[in-house]
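The values are calculated or read from the model by the stated rules, or taken from the named source; none is laboratory data. Quick caveat: nothing in here was measured; it's all calculated off a predicted structure. So basically every Cβ, Gly included, is an ideal-geometry build from the backbone, and we count neighbours across all protein chains shown. Accessible surface areas use protein heavy atoms only, side chains included; no ligands, DNA or RNA. Shrake-Rupley method; radii C 1.70, N 1.55, O 1.52, S 1.80 Å.
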Amino acid sequence: MFRRLLHLEPGQLSRALPFFCLYLLLFAALSLLDGLSLALFLKQVGTARLPLVYSVAAAGVFLAVAAYMVSAERFDTGTVFAAIILVPAIALVVALTALASGGSRLEWLGAVFICREVGMTMVLLHFGNFLRDFFPQSDLARIMPFVYAGGRLGSLAGGSILEWMSGPVGLEPLLGVVVLLFVAATGVMLAIRRRYSLVADARNTVTSVAPVSLRDFARLVFTDPLLWWITISTIAYFACRTFVLFRYSGFFEEAFPDEVALSAFLGRYVQVATLASVVIQLVLAARGIGWVGLGTAHATYGLLMALAAALVAMPVTLTTAVFARFVEVELRYSLRNPVSQLTVNLFPRPIRLRARAWSLGLLIPVSTFAASVAIAALQRAGLPAAVGGTTAILGVGYFLATLGLRRTLGRRDDTNS
C-alpha cells in the first residue's frame, strides 16, 4: 500500500531507503545551517552586505567545483563524498572558534553563509551522480522523488531544531549541531558504499565519447539544443533567484527585531513549507513528471518563479516574502532539482558528469556573481526601485527559457520515438 502510494516498484523501497536517510541527514544539516546563517548575517551584519557575500560565495563555488572535477576522476565516489561533507563541517568548527574568540562578524558570519552555499552546491552536484551509480536510469524516475523527499523531511527536522532550540541554546551553538549532522551523514554514506554494489554502467570507466576539455564541451553547448537550453535556463534562473532572495531577505531584516525572533519564524516556516513540499514530491512529482513530461514540469516551475519575482518586485509583504521563499527554496528542492537531474540524466554518463559541472561549477557562479554585482551597483546608485524592476524582468526571462527547454525536450522525445 505504502509502496504503491509512493509509485515504486517491488524491491525499490527497501533499496532506496538508505539513500533517503542519507539525504534526510544532509538536508537537516543544510536546512538548519541555512536558517542560522541567514538570521545571524541579516541581524548582525545587514542586507546591504549580502551582494558582497553572494559574490564571494560564487567564487567559492567555482573553486570547489574545479577541485571536484579534478578529484572525481582520481578518487572513488565515497572518498569524494566524504570530503564534500566533512570540509564544510571543519570550516564551521573554525568559524565557531573564531567567533567565540571575538573575530570579525562580517568575515566569519560571511564564512558561515558561504559555507552553506558551497556545501549545498557540492551536495547537489555529487548526490545525483552518487545515486546514479547505484540505480539504473530506468529506475530513477520513480526512485528520485522518494529519495529527494528525504531532503524535505530533513528540512522539517532542521526547521524544528531552529524554532525550538534557537532561544534556549542560542544560534551560534546550534552550528555545532550542524557539524554533528554532517558527521552522521558521512557514516551513513560510507555504510551504503560497503553494502551496495555499483550498477553495470557506473562501473564502466570508458570516457572516450566525452568531450576532453571545457572548450570542447562549450562547443557542444552550441550544437546540442538540449544543452543550449539547459545553459540559458540555468543562467536565467540563478540571476533571478539572486534578486528574489535579496528582495525577501531585506523584508525579513526589517520585520523582525533580532536574530532569535527571525530564526524562530524561519523554523516555523520551514516546518509548514516542508510538509507541503513533501506532499508535492512524494505524491505529485513522480506522477506529474510521468503525466506531463520533463519539459512541462520545467515550465510549470518557471511560471511559479516568474510569479514570485513579480510579487517581490513590488513592496514586499509577509505573504509575498513567504511565497517567494517557498518557490525559491522548497519548490526548487522538491520540483526543480529532481526535474533538472532527470533532464541531465538523458545524456550518456561522461557527458552527464560534465553537464552537471558546467551548470554548478561555471554557469551558477557566473550568473550569481553577475547578479550580485548588478544589485550592488543599483543600490550604490540609489536606485532601489530598479532592483525590483530587474527582478520582474529576470522572472519573465527565466519562464521564457523554460519554454525553450520544453520545446526542445518535446522534439527530443519525437526523435527518440
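Is the stretch 247-265 home to any residue that is assigned to a helix (DSSP H, G or I) and closer than 14 Å to Gly395 by Cα?
yes
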Result of the Cβ filter at 8 Å on the stretch 42-61, keeping first residues that are closer than 15 Å to Gly119 by Cβ and partners that are of a type in the set (Asp, Glu) and buried (at least 20 other Cβ atoms within 10 Å of the Cβ), at least 6 apart or interchain, is Ala57/Glu117; Gly60/Glu117; Val61/Glu117
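Condition check ((1) free of Cβ contacts under 8 Å to residues at least 24 places away in the same chain; (2) of a type outside the set (A, V, I, L, M); (3) part of a helix (DSSP H, G or I)) across all residues:
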| site | (1), (2), (3) |
| --- | --- |
| Gly295 | no, yes, yes |
| His298 | no, yes, yes |
| Gly302 | no, yes, yes |
| Ala306 | no, no, yes |
| Val316 | no, no, no |
| Val322 | no, no, yes |
| Leu331 | no, no, yes |
| Leu335 | no, no, yes |
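Tell me the residue from Val80, Val87 that is farther than 19 Å from Leu33 by Cα and part of a helix (DSSP H, G or I), please.
Criteria check complete, one pass: Val80.
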Would you mind telling me which numbered condition in (1) touching a Ser or Thr at 6+ places or on another chain (Cβ under 6 Å); (2) modelled with pLDDT under 95 Phe347 fails?
-> (1)
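Regarding Val178, is this residue in a helix (DSSP H, G or I), modelled with pLDDT of 95 or more and open to solvent by less than 20 Å² (accessible area, probe 1.4 Å)?
Yes.
Test Ala309 against the criterion of being surrounded by 21 or more Cβ atoms within 10 Å (Cβ to Cβ) and either within 30 Å of Ala255 (Cα to Cα) or in contact with a His (Cβ under 9 Å, 6 or more places away or on another chain) (or both), and give yes or no.
yes
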Within the stretch 37-67, tally of residues that are of a type in the set (Phe, Trp, Tyr) and open to solvent by less than 20 Å² (accessible area, probe 1.4 Å) | 2
Complete set of residues in the stretch 360-383 that are surrounded by fewer than 23 Cβ atoms within 10 Å (Cβ to Cβ) and hydroxyl-bearing (Ser, Thr, Tyr) = Ser367
Would you pick out the residues in the stretch 216-231 that are of a type in the set (D, E, K, R) and crowded, with 19+ Cβ neighbours inside 10 Å?
-> none
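Is it the case that some residue within the stretch 6-19 is open to solvent by 20 Å² or more (accessible area, probe 1.4 Å), in a helix (DSSP H, G or I) and at pLDDT 90 or above?
Yes, some residue in the stretch 6-19 is open to solvent by 20 Å² or more (accessible area, probe 1.4 Å), in a helix (DSSP H, G or I) and at pLDDT 90 or above.
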